[in-house]
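Q: I am attaching a structure below and will ask some questions about it afterwards.
The values are calculated or read from the model by the stated rules, or taken from the named source; none is laboratory data. On a predicted model such as this, the values are computed, not experimentally measured, just so you know. Neighbour counts are summed over all protein chains in view; Cβ atoms, including those assigned to glycine, are modelled from backbone coordinates with ideal geometry. The accessibility values were calculated without ligands, DNA or RNA, using every heavy atom of the protein model including side chains. Shrake-Rupley method; radii C 1.70, N 1.55, O 1.52, S 1.80 Å.
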Amino acid sequence: MTELKLTQAAARAIAASARSETLRAVQEPDPAPPPAALAPDIRLARLQTAWRRDESGLWRATARFVVGDVGRVDPSFEFEVVAPMARSQPYGSPQSERFYVVWRGRWESLQTPAPYIPRYVAGVATAVYTNADGNYQIDNVGVQNVKIPGDAYADWGILYLSPTQFEWSSSSLDIVGKKEARIKTSQKEVVTGVALNANGTLDVTTERISVIG
């Protein structure tokens with residue numbers, strides 16, 4: 001209950017009026033709320049044809065609505081859709097990509113501008129992951145460039161070793177299942193000294209050495 005406080009003069013005036021007529025309190029109704037804005041018409045659609053850019057630079061395509069809980073595509077109606085926020089061709093393949101459209105006097109795409117989101121995939125000897133800062137990090141542990149000083153030839157990619165001088169052998173680095181490139185060697189016997197004896201014979205000394213190949 002709300003307490004109403006009156007001055008003494010006001011109370012006397014009300015009491016005098018009550019003797020001559022009946023007082024009644026009228027409560028004004030609350031103002032009616034403003035009419036609710038119409039909810040935007042947003043629907044799920046499937047891209048039907050490839051995006052094309054018109055003369056004004058606006059990307060256009062056709063699409064069909066996706067209806068029902070099972071995601072059935074309605075084949076009875078195909079409509080034009082535009083992508084006014086796209087600066088390059090919107091992402092998606094015809095008859096595969098699904099996205100939401102909104103009616104603003106025309107059907108407009110609500111696609112996320114996927115071309116601006118980097119998509120990284122790993123290649124040979126390359127790893128892509130998220131680092132501690134939450135950024136994408138790309139590591140490449142493979143051979144990137146091979147040069148021979150004084151030679152103009154340079155190449156990116158795989159380093160090739162001649163099979164006439166190199167061979168694979170079990171790793172000596174205590175890494176299970178790994179191999180290492182080893183220079184091919186062989187043993188050859190060579191003459192290291194010749195001496196003429198008094199009787200006219202020769203004393204020849206030899207030694208076995210390792211040679212490449």
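Q: What are the residue pairs meeting all of these: first residue in region 55-69, first residue within 16 Å of SER93 (Cβ to Cβ), second residue open to solvent by 50 Å² or more (accessible area, probe 1.4 Å) and small (Gly, Ala, Ser), Cβ atoms under 9 Å, and 6 or more apart or on different chains?
A: Pairs found: ALA61/ALA50; ARG64/SER76.
Q: Tell me the strands (runs of 3 or more DSSP E) entirely within region 117-208 that contain at least 1 residues that are closer than 30 Å to ARG87 by Cβ.
A: The strands (runs of 3 or more DSSP E) meeting that bar are 126-130, 136-140.
Q: With the requirement that a residue be surrounded by 10 or more Cβ atoms within 10 Å (Cβ to Cβ) and over 18 Å from ALA181 (Cα atoms), what does region 145-163 give you?
A: Correct list: LYS147, ASP155.
Q: Okay, moving on. Restrict the check to region 101-121 and report whether at least one residue is among the aliphatic types (A, V, I, L, M), open to solvent by 100 Å² or more (accessible area, probe 1.4 Å) and touching a strand residue (DSSP E or B) at 6+ places or on another chain (Cβ under 9 Å).
A: yes
Q: Can you pull out the residues in region 123-144 that are of a type in the set (A, V, I, L, M) and surrounded by 11 or more Cβ atoms within 10 Å (Cβ to Cβ)?
A: Within region 123-144, the subset of a type in the set (A, V, I, L, M) is 124-125, 127-128, 132, 138, 141, 143.
Answer for region 123-144, where residues must be of a type in the set (A, V, I, L, M) and surrounded by 11 or more Cβ atoms within 10 Å (Cβ to Cβ): ALA125, ALA127, VAL128, ILE138, VAL143.
Q: Taking region 57-84 as the region of interest, how many residues are farther than 17 Å from ASP41 by Cβ and either open to solvent by less than 20 Å² (accessible area, probe 1.4 Å) or in contact with a strand residue (DSSP E or B) (Cβ under 8 Å, 6 or more places away or on another chain) (or both)?
A: 11
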